[in-house]
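Report on the structure given below.
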Amino acid sequence: MEIAWKYSYACRKALFDIANGRTMGQLWELIWIGGPWLVAAQALFTLWMFIDAHRSHAEQMWYWIILFFQPVGTWLYFVVVKLPSLRMPRGMNHTPLWQRKLSLDELRYRVERTPTVINHVAYAERLMEKGEHVDAIPHLEAALTLDETYCQALHDLAVCHIACRQAMQALTALDRLMKRDARWADYRAWRTQIEAHDALERRDDALQTCRELEKRQPTWENKCRLAERLIDTGQKVDAVKILEQALEDHHFAPFKIRLRHWRWARHAQQLLKEAGRN
């Protein structure tokens with residue numbers, strides 16, 4: 001009871017001090033009141049973020065932020081850098097985290113008893129997670145028989161064909177998808193189409209797709225992707241022009257946008273060096 005009262009008092013005092021600009025010491029006071037386990041958890045979390053920054057080749061400023069702006073610096077790195085890089089596994093994008101993940105046998109049972117579009121696709125995606133792309137194809141084709149315009153099934157079918165070294169069939173499925181909705185899932189089909197062209201060793205077609213994607217969605221990621229293709233094909237002048245424009249846009253962007261996309265700006269700088277320009 002006494003500890004709870006002290007923690008409640010410390011929280012109120014910390015909020016008052018935060019409003020007056022005194023934050024770091026009060027945050028550490030809250031952590032110490034929480035006991036040795038909370039201190040150990042914060043220390044382990046800091047170590048994890050520092051190792052992640054080293055492995056991901058983060059900019060040097062993040063090392064100083066993590067080490068010398070405790071405990072805020074660690075959480076700032078997690079929110080700004082680590083959290084956006086976390087990707088949800090296939091099939092979880094539309095599933096709440098609290099929902100139980102169905103077993104493969106249960107998904108198979110659902111397909112056999114109720115062969116709907118959703119059940120076919122869910123079972124196929126689970127097979128894809130296990131690397132069984134060949135077995136997933138019939139279920140995706142069955143789903144498309146029921147709904148020939150279902151974009152998720154078309155995209156999954158293309159991914160399976162690429163994995164099975166059937167890139168031409170993948171392009172056919174992607175063409176159907178992009179005619180239906182070229183902007184589906186944040187232009188994901190375009191990136192898969194580039195993979196299919198690469199599988200067929202069609203460098204010019206892959207470059208053309210990159211150009212069209214960058215034109216439709218001129219993000220820093222797509223600009224870097226296009227610049228990489230241009231450098232690989234010897235068109236370094238065009239690549240340098242795109243990268244310099246991207247870096248200029250990044251330089252004059254609002255601070256929170258620069259912070260969110262700093263990795264792509266760093267990648268653009270590396271590509272400039274690769275193209276022979278500093």
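The values are calculated or read from the model by the stated rules, or taken from the named source; none is laboratory data. Computed from a prediction, not measured in an experiment: that's the story for all the values here. So basically every Cβ, Gly included, is an ideal-geometry build from the backbone, and we count neighbours across all protein chains shown.
List of remarks:
- Qualifying residue in region 200-220 (condition: under 25 Å from Gly131 (Cα atoms), under 20 Å from the mean Cα position of the chain (by Cα) and assigned to a helix (DSSP H, G or I)): no
- Residue that is surrounded by the fewest Cβ atoms within 10 Å (Cβ to Cβ), among those in region 43-69 that are of a type in the set (Val, Ile, Thr) and farther than 13 Å from Val80 by Cα: Ile51
- Lys179 passes every criterion in (1) surrounded by 19 or more Cβ atoms within 10 Å (Cβ to Cβ); (2) in the same structural domain as Ala122 (by TED's automatic domain parsing) apart from (1).
- Any hit, region 85-92, residues being assigned to a helix (DSSP H, G or I) and either at pLDDT 50 or above or surrounded by fewer than 13 Cβ atoms within 10 Å (Cβ to Cβ) (or both): yes
- The set of residues in region 193-244 that are of a type in the set (Ser, Thr, Tyr) and surrounded by 18 or more Cβ atoms within 10 Å (Cβ to Cβ) contains only Thr209.
- The residues of region 180-200 that are of a type in the set (Asp, Glu) and under 14 Å from Ala163 (Cα atoms), listed by number, are Glu195, Asp198.
- Figure legend. Inter-residue proximity from region 118-134: first residues in contact (Cβ under 8 Å) with a residue 60 or more places away in the chain and under 15 Å from His155 (Cβ atoms), second residues outside any loop (DSSP other than H, G, I, E, B) and aromatic (Phe, Trp, Tyr), beta-carbon distance below 8 Å, spacing 6+ or different chains. No pairs are indicated.
- Pick from region 247-264, criterion among the aliphatic types (A, V, I, L, M) and more than 17 Å from Tyr77 (Cβ to Cβ), ranking: surrounded by the fewest Cβ atoms within 10 Å (Cβ to Cβ): Ile257
- Looking across region 142-187, just one residue is among the aromatic types (Phe, Trp, Tyr) and not in a helix (DSSP H, G or I), and that is Tyr150.
- Qualifying residue in region 237-259 (condition: among the basic types (Lys, Arg) and either touching a residue at least 40 places away in the same chain (Cβ under 8 Å) or assigned by TED's automatic domain parsing to the domain that holds Glu59 (or both)): no
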